Each structure stands twice: as C-alpha cells, then as structure tokens.
Amino acid sequence: MKVSIVDTSPVLAGSTAVEAYRTTRELAQLADQVGYSRYWMAELHGVPTNASTSPEIAIAAIASRTSNLRVGSGAVLLNHRSPYRVAETFVQLNAMFPGRIDLGLGRATAGQLIDVALQRSRTAVAADEPYADQVVELLQWFDSFDKDHPFGQVPFFDGVNARPETWILGSSPASSVVAARLGLPYTFAAFLNPAAAHTAMATYRKEFRPSRFSTGLQRPYAMLGVNLVVGETEEDALRAQAGGEVVRRTVARGVIPKGVPTTADALAQLGGLPQPFSYIPGRWPTSIAAAPERMRDILESMAAEVEADEIIIQDLIAEPSDRLTSYRLLAESLDLRGSAEQQSISTTSGGSTHA
C-alpha cells in the first residue's frame with residue numbers, strides 16, 4: 001500500500017513559521033529517503049498553528065530538494081483562485097519537475113474577513129461560482145477549449161503536453177460526487193470528518209464515471225487521509241499527540257490558539273496523557289496515536305473498510321524531533337522503502353500503476 005504525507009507546517013507555540021518551514025524541509029527529505037510516495041502541502045489562511053499558506057511555493061522548494069517523491073498541493077483552494085492561474089502554475093511546476101507534480105483541488109472558507117481579503121474586489125463578497133464548473137474550466141485549460149469558446153484563443157504552453165496528476169480533496173460526500181462525475185482520483189480527509197468517511201468513499205465508487213479529460217481516470221482511485229502519531233511505545237505516541245489534542249479541544253471551543261503547545265505544556269493542560277485509542281470499525285476518531293506495529297494494523301484495517309487505494313498522513317505534531325520520529329517509525333513498520341523498490345520494479349517491467 002502506498003503511503004503519503006500532507007503537511008500543514010505546524011507552528012510550535014513560542015516559535016515562528018521560519019522554524020516550521022525548516023522542519024517541513026527536513027521531513028520532506030526524510031520522506032524521500034524512507035519510501036513515502038507523495039508529499040503534499042496544504043493551503044491554510046489565518047491559522048496561527050499552521051504556516052502552510054502557499055503550496056505552490058513549497059512544492060518548488062521541496063521538489064528541488066528531493067528526487068523520489070511526487071510533490072503537490074493538498075489542496076489548492078479553488079474557491080479563492082482563478083482556474084486559469086492555477087492551471088498555469090501547475091503546468092509550469094510539472095515542466096520544471098517532469099512527472100512529479102500533483103495538483104490537489106479543494107474548497108474551504110477561512111472566515112468572512114479572510115475570504116474578503118483573499119479576493120481582488122473589496123467592494124462586495126463575490127458570488128460563489130459552482131465548484132464543479134471551476135474544476136471543469138481548469139481541466140479544459142489542460143486539454144483545450146472548443147474553438148468557439150473565448151478562451152480557445154488564449155495560448156497555453158504550446159508544445160508542452162505533460163500535465164500534473166489532478167485530484168479532488170474533500171471531507172464530505174459532496175466532494176466525492178464532484179470527483180466521481182469528472183472521473184478524477186479522490187482523497188477524503190477523515191481527520192476532519194471521520195463519521196462521513198464510509199459514505200463519501202462509497203459514494204465516490206458508486207457515482208464514478210470514466211473521465212473525458214486527459215488528466216482523468218477510467219476507473220476509480222481513492223486515498224484516505226488520516227491524522228496520526230507514532231511513537232516507540234504507546235505512551236510515547238500519546239505524549240507526542242498531546243499538543244495536537246489541546247489544539248483540537250481549544251478550536252472546538254471557538255478559540256484559535258497562537259501555536260501548538262509544547263508537549264510539557266499540553267500534558268499540563270490535559271492533566272496527563274490523552275485517552276488511548278481502541279479501534280472500532282466504522283467509529284474513527286479525528287486523530288490516532290499508537291506504537292508502530294499496532295498503527296500498521298489500524299491503517300490496514302481502515303483502508304480495507306473503505307476500499308482505499310492509498311493512505312495519506314496528516315499530523316499536528318509541533319515538536320520537530322517527534323514529527324520526524326513518527327514518520328520514520330511508520331515507514332519502517334510498513335516497509336515503505338521495500339514497497340517503493342518493488343513498485344519501481346513493477347512499473348519498469350510493465351506493471352499497472354496509477355498515472
């Protein structure tokens with residue numbers, strides 16, 4: 001099973017985005033070495049606990065420092081972007097790093113004030129264009145517009161045929177329908193809405209239609225997003241999870257913390273370790289902490305439950321050493337390096353893989 005990373009660049013309380021970006025760079029280089037498949041960067045705005053605001057900038061930096069990973073966005077928020085501008089940016093990235101770029105598309109609000117700040121006009125809140133229509137326009141930039149369409153006259157990377165792998169990301173069944181009906185691969189963020197995971201993934205497969213676009217698929221392909229922490233022992237994992245648990249509880253009260261608290265501060269606020277996780281099929285939490293072997297079994301069970309083809313990992317671990325350790329231990333428990341080598345052999349010998 002392929003396993004990937006979606007990084008939000010967590011910011012430790014009392015630290016800054018500079019240190020968060022440094023850890024992101026170190027984690028991407030580790031991921032490249034130990035066998036992770038993809039490294040995606042999030043787009044978040046006005047969130048003090050996370051520093052990843054511009055995935056396209058981070059993609060270029062990470063791709064230039066790695067050689068094995070596919071690098072992409074998880075996700076570009078298309079409701080705040082021009083489809084043309086996104087298409088241009090990611091075709092350029094794919095031309096700079098051929099065959100290694102993923103374009104993950106999503107939509108989200110950052111709150112009314114930031115939503116206005118993100119748009120060009122300051123006179124009024126722009127009317128929402130249907131999300132599926134925005135995605136279709138972007139895919140048409142990749143392929144071509146009809147000759148009678150006004151955009152059909154616009155030159156677009158003449159002679160450059162390669163396009164980024166294009167995904168839909170979401171946390172509700174509505175996003176799965178968009179992905180399915182356009183024939184695109186789909187990622188469900190179970191760390192945001194675990195209760196909807198089974199419905200969304202089943203809906204995607206039920207509603208899937210072979211794509212008419214060059215970047216689309218002829219059969220469904222789905223990835224499951226999970227927030228997790230791995231430690232040498234269960235106690236180590238729960239200890240590293242504490243900072244993220246404090247953030248989740250604080251946000252649930254309607255308060256945005258200034259950063260992810262240190263482990264010591266988080267444990268003091270919680271009054272001890274977070275509650276350990278007992279795996280119950282169909283009843284997933286927003287975050288999981290476990291020792292390596294148990295985490296491997298949990299992920300395999302979760303993937304089987306929803307027929308996920310891949311897993312992508314998100315975390316809210318601010319302590320740099322704990323982040324690196326968590327991903328290293330997970331890679332070792334899943335033998336990602338060996339799996340990557342086998343996948344390479346399969347690909348070069350004519351095995352079927354996802355484009």
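The values are calculated or read from the model by the stated rules, or taken from the named source; none is laboratory data. What you are looking at is a predicted structure, and each value in this text was computed from that prediction instead of being measured. Because the Cβ atoms are built from the backbone with ideal geometry, glycine has one as well, and the counts that use them run over all protein chains shown.
Just one of (1) free of Cβ contacts under 8 Å to residues at least 40 places away in the same chain; (2) farther than 18 Å from P83 by Cα; (3) among the hydrophobic types (A, V, I, L, M, F, W, C) trips up F145, so point out which.
The failed condition is (2).
Of everything in the stretch 154-175 that's assigned to a helix (DSSP H, G or I) and out of contact with any Lys or Arg (no Cβ under 9 Å at 6 or more places or on another chain), which residue is nearest to P130 (Cα to Cα)?
The first filter runs over the stretch 154-175 and keeps only residues assigned to a helix (DSSP H, G or I), leaving 173-175.
With the extra rule that they be out of contact with any Lys or Arg (no Cβ under 9 Å at 6 or more places or on another chain), the set shrinks to 173-174.
Details: P173: 16, A174: 12 Å.
So the residue we want is A174.
Whether any residue in the stretch 165-177 is touching a residue at least 40 places away in the same chain (Cβ under 8 Å) and over 28 Å from S301 (Cβ atoms) is what I want to check.
Among the residues of the stretch 165-177, at least one is touching a residue at least 40 places away in the same chain (Cβ under 8 Å) and over 28 Å from S301 (Cβ atoms), which makes the answer yes.
Of the residues that make up the stretch 85-97, is at least one within 30 Å of V34 (Cβ to Cβ), in contact (Cβ under 8 Å) with a residue 24 or more places away in the chain and in contact with a Lys or Arg (Cβ under 6 Å, 6 or more places away or on another chain)?
Within the stretch 85-97 (the criterion being within 30 Å of V34 (Cβ to Cβ), in contact (Cβ under 8 Å) with a residue 24 or more places away in the chain and in contact with a Lys or Arg (Cβ under 6 Å, 6 or more places away or on another chain)), the answer is no, since none of the residues qualifies.
Looking only at the stretch 210-245, which residues are outside any helix (DSSP H, G or I) and closer than 28 Å to A291 by Cα?
Those that are outside any helix (DSSP H, G or I) and closer than 28 Å to A291 by Cα: A222, M223, L224, G225, V226, N227, L228, V229, V230, G231, E232, T233.
Taking the stretch 276-300 only, how many residues are at positive phi and at pLDDT 95 or above?
Result for the stretch 276-300: 0.
Applying the selection to the stretch 130-189, what residues are of a type in the set (S, T, N, Q) and farther than 30 Å from A200 by Cα?
Of the residues in the stretch 130-189, the ones of a type in the set (S, T, N, Q) are 134, 140, 144, 153, 161, 166, 171-172, 175-176, 187.
Of everything in the stretch 130-189, those that are of a type in the set (S, T, N, Q) and farther than 30 Å from A200 by Cα turn out to be S144, Q153, N161.
Of the numbered conditions (1) more than 17 Å from the chain's Cα centre (by Cα); (2) under 14 Å from V229 (Cβ atoms); (3) not in a loop (DSSP other than H, G, I, E, B), L299 satisfies every one except a single condition; which is it?
Of everything listed in (1) more than 17 Å from the chain's Cα centre (by Cα); (2) under 14 Å from V229 (Cβ atoms); (3) not in a loop (DSSP other than H, G, I, E, B), L299 misses just condition (1).
Restricting to the stretch 287-314, name every residue that is within 21 Å of L169 (Cα to Cα) and surrounded by 19 or more Cβ atoms within 10 Å (Cβ to Cβ).
Selection gives S287, I288, L299, M302, A303, V306, A308, E310, I311, I312, I313, Q314.
If you go through the stretch 246-282, how many residues are basic (K, R), within 22 Å of the chain's Cα centre (by Cα) and not in a helix (DSSP H, G or I)?
Number of matching residues: 0.
Quick one: how many residues across the stretch 139-188 are of a type in the set (G, A, S), more than 16 Å from L103 (Cα to Cα), surrounded by 14 or more Cβ atoms within 10 Å (Cβ to Cβ) and in contact with a Gly (Cβ under 8 Å, 6 or more places away or on another chain)?
1
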